[in-house]
Every structure is written in structure tokens, then in C-alpha cells.
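FYI, it's all coordinate maths here, none of it is from the lab. Since the model is a prediction, treat every value here as computed from it, not as a measurement. Please note: Cβ atoms are built from the backbone with ideal geometry, for glycine as well, and neighbour counts cover all protein chains shown.
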Amino acid sequence: MPALHLAQDRYGWLPPEALREVAEALDLTPAYCYAVASFYDMYHLEPVGRYEIAVCTNVSCALAGAQDVLAAFERELGVQAGGTTEDGEFSLSSFECLGGCGWATVVAVNWRYREHVTAGDVPGIVAELRGGEGAGDDA
Amino acid sequence: MTPSGLHEVLLRHADERDLTKRAEYEAVGGYRALTTALRTDPGELVESLLASGLRGRGGAGFPMGRKASFIPKPDQTPNPIYLTVNADESEPGTFKDRELMLRIPHAVIEGIVITCHAIGAETAFVYLRGEYATEFDVMAAALDEAHEAGYVGPGIAGTDTNVTIVIHRGAGAYICGEETALLESLEGKRGQPRSKPPFPAISGVYASPTLINNVETIATVPTIVGMGGEEYAKLGVENSAGTRLFSLSGNVVKGGNYELELGTPLRELIYDLGGGIPDGRALKAVIPGGSSVPVLTADEVDTALDFDAMAQAGTMLGSGAVIVIDERACMVQLGLRVAQFYMHESCGKCTPCREGTRWMVQILRKLEAGEAEQGELDLLLNVCDRILGNCLCPLGDAAAMPIASYVAKFREEYQRHIDEGGCPFGGESSLEGVVAPVDQHHAHLRGQIEVPIHA
């Protein structure tokens with residue numbers, strides 16, 4: 001798994017050649033590496049945007065209106081949850097509990113958390129990320 | 001006497017100082033327990049853990065001392081002994097381990113070293129949830145500091161004890177919080193649970209004896225060594241010793257973590273500490289221990305936050321995640337979102353869980369859409385019944401128990417969805433429009449992989 005994380009850091013996602021490289025380095029088959037990668041939500045087998053936006057929609061966040069936050073992101077970015085914007089900047093997903101329930105709604109941008117997010121905050125967040133002062137690419 | 005109010009034991013000093021810094025942690029007595037413990041006989045340490053009455057803080061509540069006593073002694077096994085810390089916190093509603101790692105990472109490290117000494121382990125793994133990027137940074141920085149000071153590594157604090165700590169990052173899978181799935185994942189495989197026996201104490205990671213404990217459990221160990229097991233056991237109530245971090249969320253004014261003595265009334269957490277429900281709305285239900293436990297109704301809000309009281313009320317303290325639900329929420333929508341979670345996270349190994357969670361989601365979706373027929377509530381309960389106890393790990397039960405409890409306790413509301421041909425909230429429920437998680441690897445197939453349940 002650390003090898004898959006490394007490969008994903010380098011490529012941005014896990015294309016077949018990345019899985020082959022990992023397999024070769026660890027003396028496994030690419031199929032085995034694919035099987036492992038496809039089990040976990042954080043490994044990407046398709047290209048994703050520079051900013052990965054994960055909106056928690058589990059119970060505590062849903063009680064705080066996470067549905068509206070997700071819908072606001074969909075409107076602002078012009079993609080549905082599960083999609084990536086055409087310019088390759090943003091990927092949006094509806095995600096499972098991120099562990100910030102006391103400060104709902106939680107939105108993770110490249111796995112850096114923002115808490116107490118409301119639908120009204122969404123345009124500002126997107127503008128900030130478009131301006132390049134966002135969470136950065138380090139995650 | 002009933003315990004009452006905040007009682008900070010683990011988080012003492014964490015408000016006034018930045019305990020992520022080693023020097024600050026040492027200034028309030030940090031790492032003193034480690035020095036004492038390393039000069040104490042391992043058997044005595046395990047005795048002290050037993051005497052403390054400390055029960056696992058992950059969810060199952062198994063006594064930690066007893067678990068540690070199952071580990072063979074180093075001279076009884078040809079394999080190395082390992083400690084694994086479960087930091088895969090992902091039970092919906094739970095966010096306490098995250099706070100502990102962010103605020104008192106050195107207590108976690110100190111607890112690891114002491115526990116390693118107690119069981120004769122020289123290597124410890126911290127299985128950290130992949131999403132916790134900031135927590136990883138904080139833990140890694142604290143680990144570096146502990147290394148520099150000689151609290152971790154070879155020859156700790158002038159003794160011949162060696163402990164290496166490895167932080168292993170997960171990659172987004174709830175099931176890896178289940179101990180044997182966690183071990184599989186740690187070994188680089190798909191996180192699918194193993195059948196037990198053999199138990200991890202005999203054959204855990206790399207087929208070697210392994211003790212697995214939750215972050216909060218481990219972080220409590222230095223406190224127990226510091227005050228002595230018997231003294232610690234005086235905190236809390238019978239069978240539920242000590243303090244615990246409760247994660248309060250949902251429809252409350254002040255969500256957050258509250259460290260309370262076990263036995264404190266649930267009402268006090270919600271109303272006195274949490275400020276009650278916003279805008280004076282009425283309480284409808286409380287999930288007392290994370291989304292996998294049976295729900296409590298508003299009438300049961302005087303139940304005490306301890307293991308036995310919760311068991312008597314037909315539910316569990318679980319991970320200590322208290323989710324407050326006010327009158328605006330539709331319980332079918334709640335059931336649907338909870339079922340969607342477990343369907344998404346089912347690892348697919350056992351048929352009752354893999355298929356059953358899917359059935360649950362489909363029936364609940366029909367109920368919410370007003371398309372369910374008479375008798376489908378019983379079908380739903382039947383599905384729950386067929387999952388319960390029929391799977392290798394508790395994930396299936398964790399899906400079936402809450403859903404069955406929602407139907408049992410809010411049957412009338414469920415029935416109205418059938419009788420009235422739709423949701424009686426008419427779009428006004430606070431959970432209106434709940435959205436399922438994205439299936440990360442099949443997003444492009446969305447809508448195409450639904451299998452109808454009725455021929």
C-alpha cells in the first residue's frame with residue numbers, strides 16, 4: 001500500500017503503467033496490485049482533478065445539510081458527484097464519514113479538512129482554489 | 001454517586017498547553033510513566049491494566065488487560081510479538097481518536113512504548129486512516145521528537161528495551177477498522193476479514209502474536225501507569241471504569257468531543273454540555289455509539305453513558321459517538337443513508353452482508369419513494385435477521401442492528417410511508433435528499449448496476 005500511495009503521488013492516479021511498476025518493484029503481478037488498489041476508495045484507477053473535493057454526506061453531516069453543500073459544489077463546478085471538471089482542475093465526490101461530525105458539514109480538499117461548511121461558502125472555496133491559494137498539492 | 005460534568009483525565013493540560021510539543025508534554029509530567037514502566041516487570045504492568053478495569057475504546061469494549069494477557073510470553077513463541085494500534089477511526093459519528101492524535105500525540109506514543117514493554121513487543125504499527133493527512137503529519141512529527149529524545153528506538157531511557165513504531169496509512173475502507181481486516185490491509189492485501197480462530201493474539205500480523213488496541217485505549221495507558229490501576233478503577237462506575245471521549249454531533253448547539261466519566265447521563269451530555277437542540281426543537285432520537293448501534297428514543301435520554309446501562313437499554317456504547325436527531329428527521333431517510341453506508345463499505349466476502357445490505361437499501365429506497373407494498377417492512381426485518389450473526393465480521397450486524405431498531409421503534413412512521421404512498425414529511429425532513437457515497441471505482445457505471453430484487 002505505501003508503494004501504491006507513492007505511485008499515485010507521482011502520477012496523480014494509478015494508470016496501468018504505474019500498477020506495472022509497483023508490481024515489478026514488489027515482485028507481484030499487476031493484477032494483484034489492481035485488485036488491492038480497486039478495494040480502497042482513495043486509490044484512483046481513473047484520472048482525477050488537481051483538487052479532490054470530498055463532501056461528507058453521512059448522517060451527522062446530512063443532518064446539518066450536507067446535501068445542499070454537495071449540490072452547491074455541483075452547481076459551481078458544473079459536474080455531478082463522481083465527476084471531474086473538463087479542465088481537469090476539480091474532482092467532486094460524495095464521501096463517507098470523514099470524522100469531523102461535531103463540526104458538520106465537513107469538506108476535504110486534497111484531504112485537508114474544512115469544517116462548518118455551508119452551501120453559501122461553496123462559491124468562495126471554489127474561487128479560492130481557482131485562484132491557486134488553496135490546499136496545495138501536497139496531500 | 002452519578003458522575004457528572006466534564007472530567008478531563010486524558011486531555012488534562014491540553015487546553016492550556018500545546019502538548020504536540022515534547023517539551024510541553026514533559027513539563028506536565030509526560031513520559032514519566034514510560035520511565036517507571038520500563039523498570040517494572042511486564043507481568044506487573046498487565047496486572048495493573050487488569051486492575052484498572054480499562055475496556056477497549058474502539059467499539060467492542062473488551063477489557064484491555066485481559067486481551068494483553070492472551071499474548072504468549074516472548075519465550076513461548078518462536079515469532080516476534082507485535083502491537084498494532086487501530087487508528088482507522090471511521091465509524092460514522094466518531095471523531096475522538098483524531099482529536100487525541102492532534103492534541104496529545106505523545107500520550108499515544110508513550111502508551112505504545114509502555115504496552116510494547118508489557119507484552120514483549122519490539123515493533124508497533126499504527127494503522128492510520130488514509131483520509132487523516134493532517135493527523136499523519138502531527139503523529140509523524142511527534143514520533144521524530146520522541147526518537148530524538150530516546151523514548152522510541154533502541155535502548156529506551158537507558159534500559160535494554162527497543163521499540164520501533166511504524167505509521168501505516170490506509171486508503172479509505174471502513175472495514176479496515178475491523179481487527180482482522182486491518183491485519184490483512186497492513187500486510188498489503190485487500191482488507192477482507194479473516195475467520196477466527198485463530199485469534200490475533202496467537203496469529204495476527206505476519207502470522208505472529210499481535211495485540212490490537214484502539215488509539216484512545218493506548219493513550220489511556222500512561223495515565224493508568226501514573227495513577228495505578230486500582231486508583232484508575234475508581235473513576236466511572238461498576239464495569240465501566242475511567243473516562244472516555246464522547247463525540248457529540250447532529251442536531252446540537254455545541255458539537256465536539258467531551259471527556260466524561262463513564263456513567264454520566266446521556267441527557268447531561270446533550271443538554272448541559274452540548275447546549276441542547278437548536279431553536280428549541282424537540283428531540284426525536286439518539287444514536288448513542290456510532291451509526292452501527294440500535295437507536296434510543298427521546299424517552300430513553302436518561303440512560304447513563306456506561307456499558308451496562310446501554311446494554312440494558314438494548315443498545316451499545318460502541319465508539320462513544322452520540323448523534324442527536326431532532327423532530328425534523330425522517331427515520332426512513334436516516335435508515336436509507338445508514339444502509340447506503342454499509343452497502344458501500346461491505347467488503348463483499350460474506351454473502352449475507354454483501355447482498356443483504358443491497359436489499360436493505362433497495363427496500364428503504366422504495367419505502368421513501370412511496371413504492372413499497374404492504375409486508376415489505378417485514379421483508380426488511382427478515383433481511384436484517386438473515387444477516388445477524390451470519391457473517392465473519394461484525395459489519396453485517398452493524399448494518400442490520402440499527403435498521404431493525406429504527407423499524408421497531410418508529411414502526412408507525414415506516415408504515416405511513418406505505419399507507420400514504422410516500423414520505424409523510426413531504427420534502428420537509430432535515431434529511432431530505434440524502435445522497436449516497438460515490439462508488440469511486442465505478443462512477444461511470446452509475447445507475448447501470450442496480451439489480452432489481454423482485455422478479
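At-a-glance table
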quantity	calculated
Amide H contacts of B:Ile81 (H built 1.01 Å from N, under 5 Å, at least 5 apart or other chain)	B:Glu122
log10 of Debye I(q)/I(0), alpha-carbon scatterers only, for region A:51-130 at 0.18 Å⁻¹	-0.61
Rg/Rg_globular for region B:70-202, with Rg_globular taken as 2.2 N^0.38 Å and Rg from C-alpha atoms	1.07
Over region B:237-326, equivalent-ellipsoid semi-axes from the Cα gyration tensor in Å	19, 14, 11
Rounded to the nearest 20 debye, dipole of region B:22-231 from Cβ charges on Lys, Arg, Asp, Glu	560 debye
Taking all pairs of distinct alpha-carbon atoms in the protein assembly as shown, Kirkwood radius in angstrom	24.6 Å
Residue-averaged 222 nm ellipticity for the protein assembly as shown, from DSSP H runs of 4+ at -39500 (n - 2.57), nearest 500	-11500 deg cm²/dmol
Extent along principal axes [Cα atoms of region B:312-421; Å; largest to smallest]	39, 29, 24
Cα-derived Rg to Rh of chain B, Kirkwood definition	0.99
Amide N of region B:51-80 lying under 12 Å from the label point, which is placed 7 angstrom from the Cα of B:Glu230 along Cα→Cβ	B:51-52
Dipole axis of the protein assembly as shown (+1 Lys, Arg; -1 Asp, Glu on Cβ), positive-most option in B:Ser4, B:Cys347, B:Leu260	B:Cys347
Peptide B:247-257 - average C-beta neighbours from other chains (10 Å radius)	4
Around B:Cys423: net Lys/Arg minus Asp/Glu count, Cβ-Cβ under 11 Å	-4
Approximate shape of chain A as ellipsoid semi-axes (Cα gyration tensor, √5λ), whole Å, largest first	30, 16, 12
Two-site FRET efficiency, A:Arg75 against B:Glu16, from Cβ-Cβ distance with R₀ of 41 Å, rounded to 0.05	0.40
Lysines with Cα under 17 Å of B:Lys196, excluding same-chain neighbours fewer than 8 positions away	B:Lys67, B:Lys349
FRET efficiency, 1/(1 + (r/R0)^6) with R0 35 Å, evaluated for B:Ala408 and B:Met1 via beta carbons	0.55
Shielding score for A:87-100, defined as the mean number of other chain Cβ atoms within 10 Å	6
Distance between modelled label sites at B:Asp41 and A:Leu26, nm, 7 Å Cα→Cβ extension	4.4 nm
Within 10 Å of each Cβ in B:190-200, the average number of Cβ atoms from other chains	1
Positive-end residue, region A:51-130 charge dipole about Cα centroid, Cβ charges, pick of A:Ile125, A:Cys97, A:Gln67	A:Cys97
Region B:184-261 - Kirkwood radius from inverse mean 1/r over Cα pairs (Å)	15.8 Å
Antiparallel bridge percentage (DSSP; both residues within chain B; nearest 5)	45 percent
FRET efficiency for B:Leu379 and B:Gln312, using Cβ-Cβ distance with R0 set to 41 Å, rounded to 0.05	0.85
Per-residue Cβ neighbour rank within 10 angstrom, fewest leading, B:Ile109, B:Ile277	B:Ile277, B:Ile109
Chain B, dipole about Cα centre (Lys/Arg Cβ +1, Asp/Glu Cβ -1), debye to the nearest 20	820 debye
Neighbour-count ranking [beta-carbon atoms within 10 angstrom, fewest first] of B:Thr357, B:Thr303	B:Thr303, B:Thr357
Neighbour-count order for A:Trp13, A:Trp103, fewest beta carbons within 10 angstrom listed first	A:Trp13, A:Trp103
Estimated dipole of the protein assembly as shown in Debye, rounded to 20 [Cβ of Lys and Arg +1, of Asp and Glu -1, Cα centre]	940 debye
